[in-house]
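Heads up, the thing below is written out as structure tokens.
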Amino acid sequence: MSENRFKIVFDGALLPGVDATTAKLNLAELFKSDVAAIERLFGGRPVTLKRDLSQLDAQSYLQALTKTGIDARIEAEPSIELNLSDVHDHAPAPVNYQTVTADPESPYAPPRASVGETLPAFATLKPFSFAGRIGRLRFLAWTMALTLVTLAVGSVLAIFGLALISADSTAGLILGGLVAFILFVALGFVSIQFSVQRLHDCGWSGWLWLLNLVPFVGGFFPFVIMVVPGNDTANQYGAPPPPNSTAVKVLAWLWVVFIALIFIGALAGGITAIQQEYENAAETSYDSGSVTTDEVEAEPAEEAEQVPNSTDDAAEEAQPPVDSAKE
């Protein structure tokens, strides 16, 4: 008696919590096929992904398929019993294998990979878009480049603003302020796009960027975006970004150094301000104590000046009046 054989059947069901797009991308990567070919498996009808397997091989295939997020199952192959009395000596009918294999609607047709149409290993970079993914180093590099552009634009606008102030041109100042506002809003919009793509690389929704506007949370959430690693494989936002180039690594480390210098400068400035405040408070306290001592020493002298000389007054009262007529 021959060993029982099994097959893997899939009818389009997904495991709980798995997105259909993610499952399709994972299946395409597993079968080395494109997403268009995988779409045929989600028609709602049972499809045999693999057949004529032993029980051990069927379990191995099922575990690999379960990791992609689909809900496949193992079914036993129908046993075929051969009766020698029914055997006739005749030539077998020719089989048109091209017709059999070319039928894409066959429920028993396994997924086929088209040569040259495999899923790309890396996604195309889209700097000015909310779609796509970027890694940590590329996020830092692009942010550094945007910062350099902002500083350059700000310097040019500052020079023009000083020239307009010296020329006393009110209309020019208004126009220059409007242009500066538009440019900085555009640069801020691009910065938001970078952050959304970084969130996509982590498998998070881009709407989480709004946490930057929440008090206290917005103080450390940008550092979370810079530190959390991204997904190594494709997720619901597409394939992983391409490897980092040398320019990306250099700009990323420049941004890290820039942030470190700002932090050290802010810390040193805070310590200097605290020390200066302490010295001013000490000087004020010392000056108040000196003034109080001088006032105390000066009070007896003032009182002495205000006390009348009783002896002199008595002598003046004792002198007889002078008669001017006798003189």
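What follows draws every value from the coordinates through simple rules; no lab data is involved. Bear in mind the structure is a predicted one, so any value in this text is a computation, not a measurement. Cβ: placed from backbone, ideal geometry, glycine included. Neighbour counts: every protein chain shown.
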Proximal lysines relative to LYS32, as straight alpha-carbon distance under 23 Å, when same-chain residues fewer than 8 apart are discounted: LYS7, LYS24, LYS50, LYS67
Per-residue counts of other Cβ atoms within 10 Å, averaged by peptide: what ranking do you get for 154-164, 185-195, 18-28, highest first? 18-28, 185-195, 154-164
Using 1/(1 + (r/R0)^6) with R0 = 30 angstrom and r between the beta carbons of THR170 and ILE264, what's the FRET efficiency to the nearest 0.05? 0.15
With each label point set 7 Å from Cα along the Cα-Cβ vector, what nm distance links SER155 and PHE189? 2.6 nm
State, to one decimal in nm, how far the label point of ALA273 lies from the label point of TRP253, with both points 7 Å from Cα in the Cβ direction. 3.3 nm
Neighbours of ALA23 by Cβ distance under 12 Å: Lys/Arg at +1, Asp/Glu at -1, summed charge -2
Enumerate the lysines that LYS249 could reach by cross-link, defined here as Cα to Cα under 28 Å, with residues fewer than 8 away along the same chain left out. LYS126
